[in-house]
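Taking it in order: structure first as structure tokens, then the write-up.
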Amino acid sequence: MTVHIAPEAVELLLIRLPLVEPFETSFGRTDVREILLVRVLQDGCEGWGECVTDHAPLYSSECNGTARYVMETFLIPALFGGPLRRVSDWPRRVAFVKGHPMAKAALEMALWDLYGQMVGRSLRDLWGGTKDLVPAGVSVGIHPDVPSLLRTVERYRAEGYQRVKLKIKPGRDHEVLAAVRRAFPDALLTADANAAYRWPRDRAVLVSMDAYRLQMLEQPFPPDDWLGHARLQRALQTPICLDESVTSLATLRLALRLRAGQVINIKPGRVGGYTVARRIHDVCRRRGVPVWCGGMLETGIGRAANVALASLPGFVLPNDLSASRRYWVEDIVEPPFELQPGGYLAVPTGPGLGVRVVRTRLPVQWSQTYRRDGEIRK
Ligand code: SMG
Ligand code: MG
């Protein structure tokens, strides 16, 4: 039986969800997340997607406003333009829209969930995942002072996270890394700069980070500074992990050819969806490049899809996938994600995302439904 994907309606919803504690990176601080959700409907089934944009274009050039605009003006009409034979045809269907990978990825996630619901298969199963449990890491934001940071790291380590990622920026790096390394000599630590450093200005500051025995240093330079990353990697023993730089298969190939990094953080939103994310995984696996799944402070919707992705065999390093309670007082899905013994998250086995969205828990700011027959309802 062939199931064609042809939703009769798409709903966009904006929710506002406070984080359990503020999260600060080199580009800003978040207390409350504004999250754009997508719901697609077909033949009595529904699929949910989550857009990883934020209220402002700080991590990348997209934000909730651009994602909404591009979805309602171009992507949703493209979806209504005719049935898709496979969800993996989605990137080609929307290739005429340049950029806007997060908007495309959110709709793709909803289509994967819908398809999984229709055929009764989990995303892990549809994508060729091989693991029941995926290693959980935790990303720790920039703290106001070192003692409070040490307390946070201590707490997460006591909970059982396999590795701790520390957010850094110029002026908030050596002191932080030295203190955490001193307090936790055996911890698996990484650092993420979110592009806050500059080549060659910060060469010495970065090269001396080798002293902290980090598992990797994530995205020191702006996404397009390929030569900066390649030159730093030549001078640095610590492997560089690329996040913001890798937005496609082509940029992945560039990264590998230039040896601009040795590890890849795969974020489906950043690369335009799960189809491309899986292809990036496949190329890295063939070439022996370790990958892990990044996070964008998702709700249980995005987390469910990412956990399924991380169950693929090439995801060999701890992921930025933490338990629901690390982010939210109450997640918007059931069951929430809980840290399993040894520091793992369990990969859902139910159809599609394998979690149920609890509609009554959605703090909806606005919602709008678009129908294939052309009607739009607020
Ligand atoms: O989802 O646990 C999470 C957060 C992981 O640090 C994280 N993400 O650059 O890797 C990264 C950041 C981007 C999001 S900052 C709002
Ligand atoms: Mg990062």
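The values are calculated or read from the model by the stated rules, or taken from the named source; none is laboratory data. Predicted, not measured: the structure shown is a model, and the values here were computed from it. Cβ placement follows ideal geometry from the backbone for every residue including glycine, while neighbour counts extend to all protein chains displayed. Note: areas computed on protein heavy atoms with side chains; ligands, DNA, RNA excluded. Shrake-Rupley method; radii C 1.70, N 1.55, O 1.52, S 1.80 Å.
Taking loop as defined by DSSP and a crowding limit of 16 other beta carbons within 10 Å, which trypsin sites (Lys or Arg not before Pro) in region 137-246 fit?
Details: sites: R151, R155, R157, R163, K165, K167, R172, R181, R182, R198, R201, R203, R213, R231, R234; in loops: R198, R201, R213.
Passing sites in region 137-246 are R198, R201, R213.
Positive end of the dipole of region 220-378, charges at C-beta (+1 Lys, Arg; -1 Asp, Glu), about the Cα centre: which of L252, V263, G354 has its Cα farthest in that direction? The Cα lying farthest towards the positive end belongs to L252. At full extension, F74 and A6 could sit 22.9 nm farther apart than now, given 0.36 nm per residue minus the alpha carbon distance. Note on the chain: with charges restricted to the Cβ of Lys and Arg (+1) and Asp and Glu (-1), its dipole about the Cα centre is near 1000 debye. Taken as Cα centroids, region 66-86 and region 174-230 sit 39 Å apart, rounded to the nearest whole angstrom. Centre-to-centre separation between the Cα atoms of region 1-40 and those of region 312-372: 11 Å. Largest GNM mean-square fluctuation among Q162, Q365, Q262, using the chain with Cα springs under 10 Å: Q365.
I'd like the orientation of helix 101-119 relative to the chain: the angle between its Cα long axis and the longest Cα principal axis, in ° from 0 to 90, rounded to 10. Helix 101-119 sits roughly 60 degrees off the main axis of the chain. Counting only DSSP beta bridges with both residues in the chain, the antiparallel share comes to about 65 percent. Spacing of the modelled spin labels on V205 and R257, each 7 Å from Cα toward Cβ, amounts to 3.2 nm.
Which GluC sites (Glu not before Pro) in region 270-341 pass both tests, a DSSP loop state and at most 15 other beta-carbon atoms within 10 Å? Don't jump to the answer; show the numbers that get you there.
Numbers: sites: E298, E330, E338; in loops: E298, E330, E338.
Answer in residue order: E330, E338.
Helical content of the chain, expressed as a calculated mean residue ellipticity at 222 nm, amounts to -9000 deg cm²/dmol (DSSP H runs of 4 or more residues, -39,500 (n - 2.57) each, divided by residue number, nearest 500). On the basis of the beta-carbon distance and an R0 of 41 Å, R356 and R287 show a calculated FRET efficiency of 0.60. Taking the protein heavy atoms of the chain in the context of the full set of protein chains, the accessible area attributed to carbon and sulfur is 51 percent at 1.4 Å. Among the listed pairs K167/K378; K104/K169; K131/K267; K167/K267; K104/K378, those whose Cα-Cα separation exceeds 28 Å are K167/K378; K104/K169. Build a GNM of the chain with springs between Cα atoms under 10 Å apart, and of G261, G116, G228 the one that fluctuates most is G228. Annotation note: chymotrypsin sites (Phe, Trp or Tyr not before Pro) in region 34-120 located in DSSP loop regions with a Cβ neighbour count of at most 14 within 10 Å are F96. What the chain shows is 40 Å² of accessible area per residue, with the surface traced by a 1.4 Å probe over protein heavy atoms.
Please give the direction-averaged projected area of the C-alpha convex hull for the chain, in square nanometres with one decimal.
Hull-based average projected area comes out at 17.3 nm².
Take the Cα of S148, step 7 Å toward its Cβ, do the same at R121, and the gap between the two points is 4.8 nm. Expressed per residue, the C-alpha convex hull volume of region 96-163 stands at 162 Å³. A simple spin-label model places pseudo-atoms 7 Å from Cα toward Cβ; at R92 and D31 they are separated by 4.9 nm.
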